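The values are calculated or read from the model by the stated rules, or taken from the named source; none is laboratory data. Everything numeric in this text was worked out from a predicted model, so none of it was measured. Backbone-built Cβ (ideal geometry, glycine too); neighbour counts: all protein chains shown. Protein only, heavy atoms only, side chains kept; ligands, DNA and RNA dropped before computing areas. Shrake-Rupley method; radii C 1.70, N 1.55, O 1.52, S 1.80 Å.
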Amino acid sequence: MAARILRYFAGGNTALGFYNLFESNLQGLQRIFILKGGPGTGKSSLMKAIGSEWAERGYDIELIHCSSDKDSIDAVIIPALSVGIVDGTAPHVIEPKAPGAVEEYVNLGAAWDSGALINQREIIGEINQRVADLYMAAYNGFAKALKIHDAWEKIYFEHMDFNKADQLTAGMLEQLFGDTHLTKSAIVKHRFLGAATPAGAVDFVPNLTEGLSNRFFIKGRAGTGKSTMLKKIAAEAEKRGLDTEIYHCGFDPHSLDMVIVRELGFAIFDSTSPHEYFPDRERDVIIDTYEILVAPGTDERYATALAEVSTQYKAQMKDAIAALAEAKVHRDQLEKIYVAAMNFSVVDELTDRVRTELMEWAASRGV
């Protein structure tokens with residue numbers, strides 16, 4: 001059987017700043033390699049190479065993607081080995097702590113020609129400051145967009161039937177869980193459904209829901225109870241001892257966008273922009289909270305106000321994403337400086353060391 005590669009985000013550029021959910025996904029690991037070193041030191045390449053090698057051996061892996069560069073990864077996890085390799089530099093995972101885990105630091109910065117970098121310390125400092133300023137601008141922009149979004153939600157919230165909302169949720173709990181109760185403690189992992197990246201909104205919904213027998217697509221407008229329903233479903237799954245994947249909103253991490261319970265084979269998620277999908281399997285189901293819960297004619301009655309708030313929101317989000325994109329341009333410039341000062345034979349030696357230690361670890365566990 002081919003290895004399964006699960007892709008998701010555990011860090012996000014949000015309206016609350018950079019938001020970190022890494023700790024939740026490192027729980028239960030017994031061995032963690034923590035990579036140190038700045039941009040251009042090959043951390044992502046090392047993790048991709050190791051992950052690919054173990055996937056080729058038939059082991060499922062998890063790739064945690066970087067919200068500041070969707071093509072880079074911040075961690076690779078090999079569940080069968082109970083091993084994780086993580087980027088240990090700010091802001092991703094500064095000092096990951098997994099109780100009972102053996103943590104080992106791998107310093108890729110050892111491959112730098114320090115003298116070459118010292119000669120460029122002034123320009124490095126200037127670039128780092130520019131990047132920091134741009135990220136702050138992006139976070140401030142997302143925060144302003146969230147306030148606009150709150151106004152958007154308020155229009156629909158004031159025209160919802162909350163009794164129907166409670167009935168809808170109760171019906172979903174019955175449909176999803178029935179009489180299922182497991183005599184174990186649930187393992188709950190918190191992740192992001194998607195992320196605001198320099199390339200715009202990115203998500204891995206098709207990858208995350210692949211192989212699940214039941215998918216529920218929640219349609220509706222802002223403020224129509226989608227996140228509230230998902231929170232109640234997640235709480236019920238945990239109460240019943242079911243391992244639960246809780247996917248937070250990459251814009252507002254206090255909101256939820258998806259819940260997956262693989263032991264029951266279902267995913268239920270907010271399927272509206274910017275992560276809008278449509279059924280393409282026989283057992284896919286749409287749940288339209290606007291149609292079910294909101295007073296008919298609300299869209300038409302508030303068309304002008306809704307159009308204005310939508311325009312404001314999109315403009316603010318566009319500016320914030322542009323700041324992330326500009327920050328990436330400068331980070332790429334910084335990476336070139338570091339790459340020029342790298343001795344990649346040292347990186348290769350460190351990669352081989354990790355490879356060897358992983359093989360020895362696997363052998364010691366009889367895997």
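Quick notes on this structure:
- Whole-angstrom Cα spans of the range 203-292 along principal axes, big to small: 31, 30, 26
- Extents of the range 9-121, taken as max minus min of Cα coordinates on every principal axis and listed largest first, are 45, 37, 28 Å.
- Working from label points 7 Å from Cα in the Cα-to-Cβ sense, the VAL367 to GLU56 distance is 1.8 nm.
- At a probe radius of 1.4 angstrom, the accessible area of the chain per residue rounds to 46 square angstrom.
- Among ASP288, ASP252, ASP179: highest mean-square fluctuation, GNM of the chain, C-alpha pairs under 10 Å: ASP179
- Percent RCO, i.e. relative contact order, over the range 180-296, from Cα pairs under 8 Å lying at least 6 residues apart: 36 percent
- Normalising the average separation of contacting C-alpha pairs (under 8 angstrom, six or more residues apart) by the number of residues puts the relative contact order of the chain at 24 percent.
- Of the residues CYS249, ALA307, THR289, the one whose Cα sits farthest towards the positive end of the charge dipole of the range 208-367 is THR289 (charges of +1 on Lys and Arg Cβ, -1 on Asp and Glu Cβ, taken about the Cα centre).
- Projected label points at THR180 and ALA315, each 7 Å from Cα along the beta carbon direction, are separated by 4.7 nanometres.
- Label sites at SER213 and ASP161, each approximated as a point 7 angstrom past Cα along Cα to Cβ, lie 3.3 nm apart.
- Long pairs among LYS43/LYS189; LYS43/LYS336; LYS147/LYS189; LYS144/LYS328, criterion Cα-Cα beyond 19 Å: LYS43/LYS189; LYS147/LYS189; LYS144/LYS328
- FRET efficiency, ALA3 to LYS239 (Cβ-Cβ, R0 51 Å, nearest 0.05): 0.95
- Among the listed pairs LYS231/LYS318; LYS184/LYS231; LYS164/LYS219, those beyond 23 Å (Cα-Cα): LYS231/LYS318
- Rg(Cα)/(2.2 N^0.38 Å) for the range 271-322, N = residue count: 1.51
- Taken over the alpha carbons of the range 169-216 as equal point scatterers, the Debye sum produces base-10 log I(q)/I(0) values at 0.21, 0.22, 0.25 Å⁻¹ of -1.03, -1.06, -1.11.
- Using heavy atoms of the protein chains and a probe of 1.4 Å, the accessible area assigned to VAL309 is about 10 Å².
- With 5 Å bins from 0: P(r) over the range 50-176, alpha-carbon pairs, percent: 2, 7, 9, 11, 12, 11, 11, 13, 11, 6, 3, 2, 2, 0
- Charge dipole (debye, nearest 20) of the chain; +1 at Cβ of Lys and Arg, -1 at Cβ of Asp and Glu: 240 debye
- Helical mean residue ellipticity (222 nm; -39500 (n - 2.57) per DSSP H run of 4+; nearest 500) of the chain: -14500 deg cm²/dmol
- At q = 0.20, 0.21, 0.25 Å⁻¹, base-10 log of I(q)/I(0) for the range 272-367 (Debye sum, equal scatterers on each alpha carbon): -1.10, -1.13, -1.24
- The chain pair-distance distribution - Cα-Cα, 20 Å bins, rounded %: 26, 54, 19, 1
- For the range 142-246: span of alpha carbons on each principal axis (Å, largest first): 45, 38, 23
- Between GLN316, GLN333, GLN27, the GNM of the chain built on Cα springs shorter than 10 angstrom shows GLN333 fluctuating the most.
- When a 1.4 Å probe is rolled over the protein heavy atoms, the share of accessible surface on the chain that falls to carbon and sulfur comes to 53 percent.
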